[in-house]
Amino acid sequence: MKPFFLLMLCALQAINLFAQPMPYLDKQSTRTRMMVDGKPFLMLAGELGNSSSSSARYMRPIWSDLKKMHLNSVLIPAYWEMIEPEEGKFNFELIDSMIMGARSRHLKIVFLWFGSWKNSMSCYAPQWVKENQQRFPRARMHDGSPVEILTPFSNENLEADINAFTAFMQHIKDTDKDRTVIMIQVENEIGMIPDARDYCDLAERAFNEQVPAGLLKLGNKKQGSWEEVFGKGLQTDELFMAWHFAQYTGKVAEAGKSIYNLPMYVNAALIRQGYKPGQYPSAGPLPHLIDIWKAAAPSIDLFSPDIYFRNFTEWAARYDLPGNPLFIPEVGNTQSMAQAFYAFGKHNAIGYSPFSIESVSDPATNQICRAYSLLEQLSPLILENQGTGTMQGFLLDSALQVVKIRLGKYLFTVKHEYSWAYAIKTEGETPRNGGLIIMLGPDEFVIAGTGVIVTFESVADKSLAGIGTLDEVQYLDGKWIYGRRMNGDQSHQGRHMHLPGGDFTMQKVNLYLYK
C-alpha cells in the first residue's frame, strides 16, 4: 500500500476514534431530551446495588440478566477507594470491566461517583483519607464529636476528591471511544446527619462570616452572618450547609466537565413526613433548596429525587421544574412499574431506574421486564410527543380514585380496574396501577399500562364518544402490529377500554362522536 493511502487510513481511523457524538441534554422550551449517539434517548435504566460493581467476576452473569429485562442503560457505582487505593496511584481496571460488560450487551452507563459522600457518609473515601483526619478533617456534631462525614469546608478534602474525579473523567475520555458512558452522578445522597449542620472549626468560622451576596435576597438584611441574616434555627443551619455542600460538589463537577463534558446530576434522599433538618440527610438538593443548589453549583445539569415513599406523584411534580428535567435514578425495585409510565407520560421524564436491579428475580418475566418491553416499543412515540401536549400519564391507588384527561376533542376518564363491578378482585392492598395516553391523530389514541378502565366522552358539547375500533397492538420498527380486535365482553360491549392488571399491555382506539 502506498504511503499516501496509509496516511489516509490512519486519518480516517483517528476521526473514527469517537464513533458517536457526545451525549448531551437538548434543552428546549417545553421539554428536555437526553441525546445519545446523536438521537433522543429514553433511559430505561436500573441501578446496581452498592457493592455489585466492585467485582468484575460477580458482574459476569448479571449483564445478560439486565438485557433480559429490556434495560437500555445501567447506573453503576464508581468507587473512589478502589480507583485510588494509594494517593496519586490510580487503577481503572474495574471501570474498564464495567464499560466492556455494558458495551457487550449494548447498554449505556451512568456512573455514580461515590467520592466524598455516599448516603451522607464518607465510607467510600480511600483508607489513606480516612486515617489522616488532621489533613482530611471530618464534620463534627454540636458536642464536638466527629462523624463519618468529610467536612465540605476543607480545601484538602475538595482537592483530593477533584484529583480523583478528574483522573476518572480523563480515563473515560481516553478509553470510552464508543460513548458507552452517557452521564455522571456526582457524589450520592449528600446530607448532614444527625445534626443539621457541621460544627467543626472550619464550619464555625464560615458560619460567622458574611452571607454570600448571591443569597442575601433570601433574607431580610443586606449583610451579616448566617444567623444575623436568616435568624437562629434549624432552617438556617440547613441553608448554610446546602450552600457549602453545593459549592463543593459544583467544583468537583466543574473540574470533571473541564476534562470531559458529560451531563452531570446530583441525587437527593427525600424527607420523611414530619422530620426536621438533622433527622434526615439535611442540605441535599431537596425541593426547598434547589434554588440554593442552582446558584452555588451552576455546573450541575439537573437535580434528581430517589423516590422510595408512597407519594410518588407529589415528589415527581416537585422535581419537574423549568430548567430541571425529571430523572428518577432510584426507586424501590418492588414498586409498581406503572410509575415509569406515569413519569414519562405526565412529566416528560428522561429516565427511570429501579434500585438493586440485579437482585430482582425472574429477569425474563418480572414486572420490570414486562414494563420495559412495552416502553421499549413506545420510546420513539414518547420521545416524539414529549412537551407537545399530546401525551399524558396517570397513576391510581384505589377503586375510588378518578383521573380526567383531556386530549384534543376527547375527555378520558381513567379509573382503577377494581372500580369495575366485573373486575376480578384479589385479597390484600389495592395495587398501584396506571399508564399513559398518546394522541396519534384527531380521533386515534394509544393507551398503555396496567389495571385500568378508560371511558370516553366529548369535551365540546353533549355529543357522546363511541369506540370505532379497539385493538391489541405492538409497535415494532415504526409499524403497528395488530393482535385481537377487542369487542364484546373485552370492551364491555363497546363502553370502555380495559387494560388488565398483572401485566403491561397497550391498545389502540379509534373514537367517533355521536348524538
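In the chain, if the dipole is taken from +1 on Lys/Arg beta carbons and -1 on Asp/Glu beta carbons about the Cα centre, which of Thr151, His347, Leu66 is farthest to the positive end?
Checked the options; the winner is His347.
For segment 448-515, evaluate the Debye formula with one uniform point scatterer on each Cα (no solvent term) and list log10 I(q)/I(0) at q = 0.16, 0.28 Å⁻¹, rounded to two decimals.
For segment 448-515, the Cα-only Debye profile gives -0.58, -1.25.
Output the relative contact order of segment 238-312, whole-number percent, from Cα pairs under 8 angstrom with separation of 6+ residues. Display every interim value, and only then the final one.
Numbers: 92 pairs, mean separation 35.7, N = 75.
So the answer I get is 48 percent.
For segment 298-371, what ratio Rg/Rh do Cα atoms give with a Kirkwood hydrodynamic radius?
Numbers: Rg = 12.8 Å, Rh = 12.9 Å.
Rounded to two decimals, Rg over Rh is 0.99.
May I ask for the Rg/Rh ratio of segment 254-300, computed from Cα atoms with Rh as the Kirkwood radius, given to two decimals?
Working: Rg = 13.3 Å, Rh = 12.2 Å.
Here the Rg-to-Rh quotient is 1.08.
Of the listed pairs Lys67/Lys294; Lys67/Lys173; Lys108/Lys276; Lys222/Lys251, which have alpha-carbon separations greater than 31 Å here? Write down the numbers at each step before the final one.
Values: Lys67/Lys294 36 Å; Lys67/Lys173 25 Å; Lys108/Lys276 38 Å; Lys222/Lys251 27 Å.
Check vs 31 Å cut-off fails for Lys67/Lys294; Lys108/Lys276.
Tell me the per residue accessible area of segment 369-515 using a 1.4 Å probe; a whole number in Å² is fine. Please report the intermediate quantities before stating the final value.
Values: 6910 Å² over 147 residues.
Computed with neighbouring chains in place, this is 47 Å² per residue.
Which order do the peptides 292-303, 353-364, 186-197 take when ranked by the mean count of other beta-carbon atoms within 10 Å per residue, highest first? Working shown, then result.
Details: 292-303: 20.8, 353-364: 17.6, 186-197: 23.7.
Final packing ranking: 186-197, 292-303, 353-364.
Run down the lysines and flag those whose C-alpha is under 17 Å from the C-alpha of Lys89, throwing out any fewer than 8 positions away in its chain.
Answer for Lys89, where 17 Å is the Cα cut-off: Lys130, listed by chain and number.
Using a probe of 1.4 angstrom, how much of the accessible area of the chain is carbon and sulfur, in percent? Before the final figure, lay out each step's value.
Working: 11320 of 22290 Å².
Answer for the chain is 51 percent, counting heavy atoms of protein chains only.
Any idea what the alpha-carbon Rg over 2.2 N^0.38 Å comes to for segment 122-257? Before the final figure, lay out each step's value.
Details: Rg = 16.9 Å, N = 136, 2.2 N^0.38 = 14.2 Å.
The value comes to 1.19.
Once you list every other residue whose beta carbon is under 10 Å from the beta carbon of Ala139, what net charge do they have if Lys and Arg are +1 and Asp and Glu are -1?
Working: positive: Arg138, Arg140, Arg197; negative: Glu148, Asp195, Asp198.
Neighbourhood net charge equals 0.
Counting only the heavy atoms of the protein chains, how much of Glu204 is accessible to a 1.4 Å probe, in Å² to the nearest 10?
Accessible area of Glu204: about 60 Å².
What fraction, in whole percent, of alpha-carbon pairs in segment 398-498 exceed 20 Å separation?
Working: 2093 of 5050 pairs.
Everything past 20 Å amounts to 41 percent.
Semi-axes, largest first, in whole Å: what does sqrt of 5 times each Cα gyration tensor eigenvalue give for segment 88-146?
One finds semi-axes of 33, 15, 6 Å for segment 88-146.
Taking the solvent-accessible surface of protein heavy atoms with a 1.4 Å probe, what is the per residue accessible area of segment 296-363 in Å²?
Numbers: 1970 Å² over 68 residues.
Roughly 29 Å² per residue, with all protein chains present.
At 1.4 Å probe size, with every protein chain present, just tell me what the per residue accessible area of segment 75-160 comes to in Å².
Numbers: 3690 Å² over 86 residues.
Roughly 43 Å² per residue, with all protein chains present.
What are the equivalent ellipsoid semi-axes of the chain, built from the alpha-carbon gyration tensor (square roots of five times its eigenvalues), in whole angstrom, biggest first?
Working: eigenvalues 376, 181, 85 Å².
Equivalent ellipsoid of the chain: 43, 30, 21 Å, largest first.
Check the straight Cα-Cα distances from Lys177 and name the aspartates and glutamates below 18 Å, setting aside those fewer than 8 residues away within the same chain.
Asp37, Glu93, Asp96
Regarding segment 166-229, what whole-number volume in Å³ per residue does the convex hull of its Cα atoms give? It would help to have the intermediate numbers written out before the result.
Details: hull volume 10.5 nm³, N = 64.
Expressed per residue, the convex hull around the Cα atoms of segment 166-229 is 163 Å³.
Please work out the Cα center distance from segment 141-169 to segment 172-204, rounded to the nearest Å.
Cα centres, segment 141-169 to segment 172-204: 10 Å.
Skipping prolines and chain starts, which residues have an amide H placed within reach, meaning under 5 Å, of the one on Cys200, given they are 5 or more residues away or on another chain?
Correct list: Arg140.
Explain nothing, just the number: dipole magnitude of the chain about its Cα centre with +1 on each Lys and Arg Cβ and -1 on each Asp and Glu Cβ, in debye rounded to the nearest 20.
1500 debye
Is any helix in the chain, taking whole DSSP H runs, at least 27 angstrom long along its axis by alpha carbon and on average at least -1.0 on the Kyte-Doolittle scale, and which ones? Let's see the in-between values first.
Numbers: long enough: 155-175 (30 Å, -0.51); 234-259 (38 Å, -0.10).
Passing helices, by number: 155-175, 234-259.
The values are calculated or read from the model by the stated rules, or taken from the named source; none is laboratory data. The structure displayed is predicted, hence computed values, not measured ones. Cβ coordinates were reconstructed from backbone atoms using ideal geometry, including for glycine residues, and neighbour counts include every protein chain displayed. We work out accessible area using only protein heavy atoms, side chains counted, and drop any ligands, DNA or RNA first. Shrake-Rupley method; radii C 1.70, N 1.55, O 1.52, S 1.80 Å.
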